[in-house]
Structures are given as C-alpha cells and as structure tokens.
Amino acid sequence: MTHPASLAPLASAGGTPVRSEYLPLAVPWIGEREKQLVLETLDSGWITTGRHAHALGERIAQRAGAKHGIAVNSATGALHLALVALGVQRGDEVITSTYTFAACVNVIEHVGAVPVLVDIEPDTLCMDPRAVAAAITPRTRAIITVDYAGHPCDYGTLLPLAERHGIPIVEDAAHALGAAWHGRPVGSFATITAFSFYATKNLTTGEGGCAVTQSDELAERIGLFSLHGMNRDAWKRYTAAGSWYYEVTVPGYKYNLSDVLAAIGIGQLERFDEFQRRRRELVALYDRLLSAIPEVRRPVTRPDVEHAWHLYPIALELERLSIDRARFIQELRAENIGTSVHFIPIHLHPHFRDTLGTGEGRFPVAENAYRRAITLPLFPRMEPRDVEDVCAAVEKVAAHFRR
Ligand SMILES: Cc1ncc(COP(=O)(O)O)c(C=O)c1O
C-alpha cells in the first residue's frame, strides 16, 4: 500500500522535499581522540612516516588476522605494490572484475600486464568464479578479487581454484575492513589484501591504505617498494636512533603514509567496532523499511559471510517504473538525498574500451546491475531518522513513477 506521504508533490515539481537539509552519501566521523593524536603528532617534530604509520600497519594486520601490515597512502598504492611484489610484469595477465573502481585495473596496466575482465554474480555483484575459471590461461599471474560493498567474494570456490593453478589472489578489500568469510577475517586468507582508508571508507585517514599478508618475503618486498626501494629502516635516518647510510636495491615508489594521517587511523581503529555496530543497525533498518517497496531490491548477504557494510547498494526493479535510474537519482537529489552509483563497469569507460577492445554487451550481468544500481547513504554518524528519510524519499519517488 502506498503511504499517503508518498503522494505529496515531488520536490522537483515544486513540492516540499522529504528533508530540509541535504543528506550526503557518506560523512567521516572524526572524534576527539583522532584530533588529540593528530595535534600530538604535529607537535612531536615528526610528521612523516614513523611510529604511527608502523603501528597502524601492525594493528590493521592484527585485526585482519595477518602476520604483516604495511600502511601506505592508498589502496591503489597497496594494489600496485602487491603486483610489483609478486613480480607481475609485461606480458602477464591479471584477472579482475569489471564491476570495480578504475584503480584495480589501472595498477595492472602500470606493471605492464594485461587486465582480463570477468563478469559478476547477480546477487552479490562480486566476480563470478566460473568466469574466473574460464579466463585462466598459462599467462595468468594473479587474480584481483573485489569484495563489493564489503561482501567477501565466493572464496569457497576461488581459493581452491587459485591454489590448483598456483595463482596468487590479491584481494581488493577497499570496502571490506571488518568483513569475514566462514569466520575468517578478510585479510587472513588471500596472498595479499589491500584496504582503503579513503575519506568515505569504514575507517578513514582522509587518504590512506594498507597491504597485509602472511608472507615474510612479500611483506619485505612491499615495504621496500613502498619507499623508493630504500632498505627497511631508512625512514629513521633523521632520528637520533637512525643512520645517514641507506641503500637502494630496487626502483621503488613513494607510497608511504605520513604519521599525521596515520594518527587519525589509530584513533579510528579504537572506535571501529562501534562504527561497524552502528552500520549493522542502520542496515537492519534499511532492510526492514525497504522491504515494503516493491520497486527496490535490497543487497544480498550470503550465509557464512560477515558483511563490512561499506555501501548499501539497492537495485531498481525498472520493469515496475516509468523512469530510469538516472532520473530516480535526480528525483532523490531534489528530495535532498545524496546517492551514488557503484560502479560504472570498467569495460564501458572510454580508456578500457580503447585498450581492451571492450564495450556494451560484453558483460551482461554487470551491465544489468549498473543500469539499476543506486547506492544509498550509509555512515555511522547517521541516525535512524536519516534512514527513515531516505526510505520515505525512495518510496515517494517510486510511488510517483509506479507503472
Ligand atoms: C573497489 C575499490 N578498489 C580500490 C579503490 C581505491 O582506493 P584508494 O582511494 O584508497 O586508492 C577503491 C576506491 O574507492 C575502490 O572502491
């Protein structure tokens, strides 16, 4: 039954918006603890990579069930370093999902390898393991899995597949800090896992990321390549404990994280369980309220998965609507609800159309998901009242354009 409030005139047609103030897609929650740690760092005389960056790497690894963690300036950096550390190079192939952010695929090109895109599963929107199996060739050197929205991929199929072929899995867990698969934390089972601390992520340092691994050798290589290829303790060279002498042994990059940003991460990590608890509560409310709107499909969580709930992406039942997704977003915007779309499939971007020879029709499941996708606001500072507003706006727009 349509709620009477949904029949009020649309804001786009001069009606009163559902909310008087704009609700953004995601807002970071920086507490007093983070501010205190940042101020202490600024006063400490050491504002580049140092004890906070190292502690953050270690604590993220601990949380993710990994032996080593190297804090870096982004998940993009962590993914690039992962491929470099694994020795992926020109002529190799790396398989990844077409339903991801450009960074995943750009880093494959940066090492000179060929990105091999695969389609996704229609429920979780994570890469389809059958498509991965079909894409493996003698030149496949890595698989970058993408835990879409914070939902781990089907590792029950992907891990044995990768192992059978001797191919390492680099897990893009930019969305998935705090997620688990079969009780195992994300970060504990892939060869290398990359986390993001970008401004909108579940844990943020503004910009930042972390690579975690169980391998001593890979950790050493990631650390080495992350800072100019200088040996391990070169970052200490301006401290009383350091030495001026260092050696460059590989052509490294500049992917280190500053202590000012790492200090934010240390504070965020102390509050992370609380952030995740609030995300789960908001998601439960979304699930309950949206279940009454037949034009909307809610995100799916498979059994034995702990979802990190970085994003809450819905799919529109377009067959029941007289408008498309872009118009739906425009109407929500007029009602003062911010949204986004995750993702524009990689194979539809001009660059990848050109370099990979892809285009419309190549990955139908991803294209179908993309046509329907809207990511609704989700961040721990939201109140239940905000979720109610979003659902009221979705219901209002759906009711106006119901077929
Ligand atoms: C799936 C995925 N991978 C990688 C990244 C890159 O993360 P960062 O901005 O930390 O480099 C993002 C960023 O949003 C992402 O969504």
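Nothing in this text is a laboratory measurement; each read-out follows from the coordinates by a stated rule. Nothing here was measured: the structure is a model prediction, and the numbers come from that model. When we count neighbours, we look across all protein chains shown, and the Cβ atoms used for this are built from the backbone with ideal geometry, even at glycine.
With K and R counted +1 and D and E -1, the other residues having a Cβ less than 12 Å from that of Arg90 yield a net charge of -1.
Given that compact globular proteins tend to follow 2.2 N^0.38 Å, what is the ratio of the alpha-carbon Rg of the chain to that value? Write out the running numbers ahead of the final one.
Values: Rg = 22.1 Å, N = 403, 2.2 N^0.38 = 21.5 Å.
Cα-based Rg divided by the globular estimate yields 1.03.
Between His110 and Arg385, residue separation times 0.36 nm minus the direct Cα-Cα distance comes to 94.5 nm. Computed extension gain for Arg327 through Ala199, at 0.36 nm per residue and net of the alpha carbon distance, reaches 43.4 nm.
Counting every other Cβ atom within 10 Å of each residue's Cβ, Tyr148, Tyr22 order from fewest to most as Tyr22, Tyr148.
Between exposed GluC sites (Glu not before Pro) in the chain, where DSSP calls loop and at most 10 other Cβ atoms lie within 10 Å, what's the longest gap? My reading of the result: 22-246 is the longest stretch. The distance linking the range 282-334 with the range 368-385 is 7 Å (Cα centroid to Cα centroid, whole angstrom). Residue by residue, the range 290-305 carries 3J(HN,Hα) couplings of 6, 5, 8, 10, x, 7, 10, 9, 8, x, 9, 10, 6, x, 6, 10 Hz when phi is fed to the Karplus relation 6.51 cos²θ - 1.76 cosθ + 1.60 (θ = phi - 60°); x denotes Gly or Pro.
Cα axis of helix 325-334 to longest principal axis of the chain: angle in degrees, 0 to 90, nearest 10? With rounding to tens, the tilt is 80 degrees.
Computed from label points 7 Å out along Cα-Cβ, the spacing between Val248 and Glu319 is 6.0 nm.
Below 8 Å, C-alpha to C-alpha, sequence gap of six or more: please give me the relative contact order for the chain in percent. Working shown, then result.
Details: 876 pairs, mean separation 98.6, N = 403.
Normalised by residue count, the contact order of the chain is 24 percent.
Applying a 4.7 Å cutoff between beta carbons, the unpaired cysteines of the chain are Cys104, Cys210, Cys391. Taking the chain as the region of interest, the number of lysine pairs whose Cα atoms are within less than 25 Å, with members eight or more places apart or on different chains, is 7.
Stokes-Einstein, applied to the Kirkwood radius of the range 108-233 over Cα pairs at a viscosity of 0.692 mPa s and 37 °C, places its translational diffusion at 211 µm² s⁻¹.
Pairs of alpha-carbon atoms within less than 8 angstrom and 6+ residues apart define the contacts here; what relative contact order does the range 193-233 have, in percent? Please list the in-between numbers first.
Numbers: 40 pairs, mean separation 10.8, N = 41.
For the range 193-233, the relative contact order is 26 percent.
The Cα center of the range 128-169 and the Cα center of the range 15-83 differ in position by 28 Å. For an R0 of 51 angstrom, estimate the FRET efficiency from the Cβ-Cβ distance between Arg237 and Arg403 and round to the nearest 0.05. FRET efficiency, Arg237 to Arg403: 0.15.
Taking H placed 1.01 Å from N in the peptide plane, check which residues at least 5 places from Val296 or on another chain put their amide H under 5 Å from its amide H. The answer is Glu317. Taking amide H as placed 1.01 Å from N in the peptide plane, the amide H of Val118 sits under 5 Å from that of Thr96, Ser97, Thr98, each at least 5 places away or on another chain.
Computed from Cα positions, the angle between helix 32-44 and the longest principal axis of the chain comes to roughly 30 degrees. Neighbours of Leu290, meaning other residues whose beta-carbon lies under 12 angstrom from its beta-carbon, give a summed charge of -2 when Lys and Arg score +1 and Asp and Glu score -1. Between the beta carbons of Ala292 and Ala102, assuming R0 = 35 Å, the FRET efficiency works out to 0.45 to the nearest 0.05. Note that the range 252-269 has calculated 3J(HN,Hα) couplings of x, 10, 10, 10, 6, 9, 7, 5, 5, 6, 4, 4, 4, x, 4, x, 4, 5 Hz, one per residue in order, obtained from phi through the Karplus relation 6.51 cos²θ - 1.76 cosθ + 1.60 (θ = phi - 60°); glycine and proline are x.
Between Glu360 and Asp304, the modelled label-to-label distance comes to 4.0 nm, taking each label 7 Å out from Cα in the direction of the beta carbon. If you plug the beta carbon distance of Arg184 and Asp273 into 1/(1 + (r/R0)^6) with R0 = 22 Å, you get a FRET efficiency near 0.75. For a paramagnetic label modelled on Leu42 (point 7 Å from Cα along Cα→Cβ), amide N atoms under 13 Å away belong, within the range 253-293, to 260-261, 264.
State, as an integer percentage, the relative contact order of the range 281-403 based on alpha-carbon contacts under 8 Å between residues 6 or more apart. The partial results should precede the final answer.
Details: 144 pairs, mean separation 44.8, N = 123.
With pairs under 8 Å counted, the relative contact order is 36 percent.
To the nearest 10 degrees, how steep is helix 216-226 against the longest Cα principal axis of the chain, on a 0 to 90 scale? That works out to roughly 80 degrees.
For the range 350-389, the Stokes-Einstein estimate of translational diffusion at 4 °C and a viscosity of 1.567 mPa s comes to 98 µm²/s, using the Kirkwood hydrodynamic radius over alpha-carbon pairs.
For a quick check: sort Arg385, Arg184 by the number of other beta carbons within 10 angstrom, fewest at the front. Could you put the intermediate results ahead of the total?
Details: Arg385 8, Arg184 15.
Going from least to most buried by this count: Arg385, Arg184.
By the helix-only formula, in which each DSSP H run with n ≥ 4 contributes -39500 (n - 2.57) and the sum is divided by residues, the chain has a 222 nm mean residue ellipticity of -11500 deg cm²/dmol. Segment His351..His3, full-extension length gain: 120.8 nm, with 0.36 nm per residue of separation and the alpha-carbon distance subtracted.
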